[in-house]
Amino acid sequence: MGAALLELRRREAPHLPWEQQREYRAFLERAFREGPRSLLTNRQISTALRLEGLPPAARDGNMEYVQWLCLFRCWHKFYL
């Protein structure tokens with residue numbers, strides 16, 4: 001049997017300002033319902049991730065939290 005250790009620490013500042021939390025949730029709900037390409041083009045997605053030094057979006061739609069956060073910031077900057 002193996003062992004695991006989990007350390008949780010409170011962040012000094014949230015990844016997003018509190019006033020954007022509702023928009024982020026709506027962004028994610030739409031992205032999971034209709035796909036991220038309903039919000040951003042393939043080119044926008046790949047460019048945003050590349051500029052932040054993140055791995056490209058997986059074909060199956062599975063992405064890490066930081067990738068979703070990056071796409072939201074791009075969408076928020078250019079569409080709101």
All-but-one check, Asp60 against (1) out of contact with any helix residue (DSSP H, G or I) (no Cβ under 9 Å at 6 or more places or on another chain); (2) modelled with pLDDT under 95; (3) closer than 23 Å to Pro14 by Cα, failing number (3)
Residue count, segment 32-65, condition loosely packed, with under 14 Cβ neighbours inside 10 Å and in contact with an Asp or Glu (Cβ under 9 Å, 6 or more places away or on another chain), comes to 1
Checked pairs for segment 46-59, first within 16 Å of Trp75 (Cβ to Cβ), second basic (Lys, Arg) and assigned to a helix (DSSP H, G or I), C-beta under 8 Å and 6 or more apart or across chains, list as Ala48/Arg73
- Answer yes or no: is there a residue in segment 23-32 that is farther than 16 Å from Lys77 by Cβ, more than 13 Å from the chain's Cα centre (by Cα) and not β-branched (Val, Ile, Thr). no
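Considering each of Glu29, Glu19 in turn, give the residue that is surrounded by 10 or more Cβ atoms within 10 Å (Cβ to Cβ), among the charged types (D, E, K, R), outside any loop (DSSP other than H, G, I, E, B) and at pLDDT 90 or above.
When all the criteria are applied, what remains is Glu29.
The values are calculated or read from the model by the stated rules, or taken from the named source; none is laboratory data. As the structure is a prediction and not an experimental result, all values here were calculated from the model. Cβ atoms come from the backbone with ideal geometry, glycine included; neighbour counts cover every protein chain shown.
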